[in-house]
Amino acid sequence: MTVLSVNVNKIAVLRNSRGGSEPDIVRAAAACLDAGAHGITVHPRPDARHVRADDVRALAELTRSRRVEFNLEGNPFAPPREGYPGFLALCEEVRPAQATLVPDSDGQITSDHGFDFVRDGASLVPIVAHLKSLGCRVSLFADADGASGMQEEQVGRAAAIGADRLELYTGPFADTYSRGGAAPMLERFARYAGLATRAGLQLNAGHDLSQDNLGAFLATVAPIEEVSIGHALIGEALYEGLDRTVRRYIDILEAAG
């Protein structure tokens, strides 16, 4: 079964909007785990606009005590600065179960594209090797909606980098699904997933996945080891509560097999 890692960045956004310590990001993460989530994801950014380095440390302790996965996302090329020691330094300190590399610029509101493995591959190789030496599973954020030939070239270069997984950036799928007529996009994702699996790469997926579209995605694109969901899940929880919302996602994953 595909597992669920809940991204709790949005809890930190709400806390930071007021200052202080409420809502408590560790308590929220614990509530997600109590409801059946299989892990916790955070994506600390250099400007500390949501998750901070101290949150990363506290959540690492929580997930270790619960014996569940901690997935740390970030751009390994972003330089450290005051309050942000850098992505690799955080990984060296907390040793997440999974390190997901994302090519975000400092000013991006959210992740909106994957790596170009042809252009970035040589730079990623030593970083991936270092993270694996720390005991981290390594996943690389990937665009899956290109033409067939482009997909084959990108997957081939990605496999040569040495990562364990690719995380499919599902924003384009979610966008087309919301407007109707997502079948062609799903076919592209399924084709990419097949190429990646044959190249020996496992697959994660994330970005704009929701209760509305997750089942359709998993029914067509397989095998997906893990989905990382935050924005939609936290938004939906405003109406139905965090516990019930997480349980609904687990139901979708179980139904998908």
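The values are calculated or read from the model by the stated rules, or taken from the named source; none is laboratory data. Because the structure is predicted, anything quoted here is derived from the model rather than measured. Please note: Cβ atoms are built from the backbone with ideal geometry, for glycine as well, and neighbour counts cover all protein chains shown.
Values for this structure:
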item: Restricting the range 1-51 to residues that are among the β-branched types (Val, Ile, Thr) and assigned to a helix (DSSP H, G or I), the residue that is surrounded by the fewest Cβ atoms within 10 Å (Cβ to Cβ); result: 13
item: Residues within the range 56-99 that are assigned to a helix (DSSP H, G or I) and among the aromatic types (Phe, Trp, Tyr), tallied; result: 1
item: Selection from the range 65-85 of residues that are on the phi > 0 side of the Ramachandran plot and modelled with pLDDT under 95; result: 83
item: Hits in the range 86-111 - residues which are among the aliphatic types (A, V, I, L, M) and at pLDDT 95 or above; result: 88, 89, 90, 94, 97, 99, 101, 102
item: Number of positions in the range 137-155 that are outside any strand (DSSP E or B), in contact with a strand residue (DSSP E or B) (Cβ under 9 Å, 6 or more places away or on another chain) and either more than 16 Å from residue 172 (Cα to Cα) or at pLDDT below 80 (or both); result: 2
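Okay, residues lined up against (1) on the phi > 0 side of the Ramachandran plot; (2) in contact (Cβ under 8 Å) with a residue 12 or more places away in the chain; (3) in a helix (DSSP H, G or I):
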{"site": "184", "(1), (2), (3)": "no, no, yes"}
{"site": "195", "(1), (2), (3)": "no, yes, yes"}
{"site": "203", "(1), (2), (3)": "no, yes, no"}
{"site": "219", "(1), (2), (3)": "no, yes, yes"}
{"site": "236", "(1), (2), (3)": "no, yes, yes"}
{"site": "239", "(1), (2), (3)": "no, no, yes"}
{"site": "245", "(1), (2), (3)": "no, yes, yes"}
{"site": "255", "(1), (2), (3)": "no, yes, yes"}
